[in-house]
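Chemist: The structure follows.
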Amino acid sequence: MQLKVAIGIPAFNEEKNIASIILKLKKISEQIIVCDDGSSDLTAEIALKMGAILVSHPKNMGYGAAIRTIFFKAKELDVDILVTFDADGQHRVEDINSVMKPIINDQADIVIGSRFLDDESQKNIPKYRKFGIKTITTLATTSIEENLSDSQSGFRAYNKKVLSEITPSEYGMGVSTELLIKSSKKKFRIKEVPIII
């Protein structure tokens, strides 16, 4: 059975990157959802021209609000897997299959692409950011049962069950932690795989 996959991109003023990212992602799925979070540039127009499914916020509402909108659209499209992918070009399209694999093999409900499980990737993260992410991850994992290395990664895959049972409500960057806490309470299986940035 062919699984229906959508890739969701939260985007704010990403006209420089959005076209090339959509072009690459189209090799994996025809269903690319771009949430234009109140951009003042050509992000929305480019996304539409590239054949993406565009959902626009009238003003900038924040990363969490964009993820929430993408969740709603993915539910509406009745997808089996939603992959969230950053618009800034830091992620590799080649890593999408490894992020989806544990869901396809029914080993996880949520898969996080971790920037800290690959030695090469760690070299590309500035020390201050690494410290910040690790600190937030330590705090986040006290609220959930999983021991994670990168709770703040926006590169994730969610299965249909998660999409139907969880609605993000956090409008800012806290959405990453919120989704994990809600998932943990529902006993969803959370897994990490290494990605390269």
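Chemist: What figure in square angstrom, to the nearest 10, would you give for the accessible area of residue 61 with a 1.4 Å probe?
Modeler: The accessible area of residue 61 comes to roughly 60 Å².
Chemist: Accessible surface of residue 88 in the full protein assembly, 1.4 angstrom probe, to the nearest 10 Å²?
Modeler: Surface open to solvent at residue 88 totals about 80 Å².
Chemist: Would you please give the FRET efficiency between residue 42 and residue 105, computed as 1/(1 + (r/R0)^6) with r the Cβ-Cβ distance and R0 = 41 Å, to the nearest 0.05?
Modeler: Calculated value: 0.55.
Chemist: Give the ranking of 30, 15 by solvent-accessible surface, highest area first, calculated with a 1.4 Å probe.
Modeler: The ranking, largest first, comes out as 30, 15.
Chemist: What pairs from 26/73; 26/182; 27/187 go past 28 Å between their alpha carbons?
Modeler: Beyond 28 Å: 26/182; 27/187.
Chemist: Which order do 94, 192 take when ranked by solvent-accessible area (1.4 Å probe, heavy atoms of all protein chains), largest first?
Modeler: 94, 192
Chemist: Modelling each spin label as a point 7 Å along the Cα-to-Cβ direction, I'd like the residue 93/residue 185 distance in nm, to one decimal.
Modeler: The modelled label-to-label distance comes out at 3.8 nm.
Chemist: Follow-up question, since we're still on this one. Classify segment 11-83 as rounded, prolate or oblate, taking a ≥ b ≥ c as the square roots of the eigenvalues of its Cα gyration tensor: rounded when a/c is under 1.5, otherwise prolate if a/b is larger than b/c and oblate if not.
Modeler: oblate
Chemist: Could I ask something else about it? Give the relative contact order (percent, whole number) for segment 6-102; include only Cα pairs under 8 Å separated by 6+ residues.
Modeler: RCO, segment 6-102: 36 percent.
Chemist: If you stretched the chain out fully between residue 49 and residue 149, how much longer would it get, using 0.36 nm times the residue separation minus the C-alpha to C-alpha distance?
Modeler: Roughly 32.3 nm would be gained on extension.
The values are calculated or read from the model by the stated rules, or taken from the named source; none is laboratory data. Quantities reported herein were computed from a predicted structural model and do not represent experimental measurements. Here the Cβ is made from the backbone with ideal geometry for all residues, glycine too, and neighbour counts use every protein chain on show. Accessible surface is based on the protein model in full, side chains and every heavy atom, while ligands, DNA and RNA are left aside. Shrake-Rupley method; radii C 1.70, N 1.55, O 1.52, S 1.80 Å.
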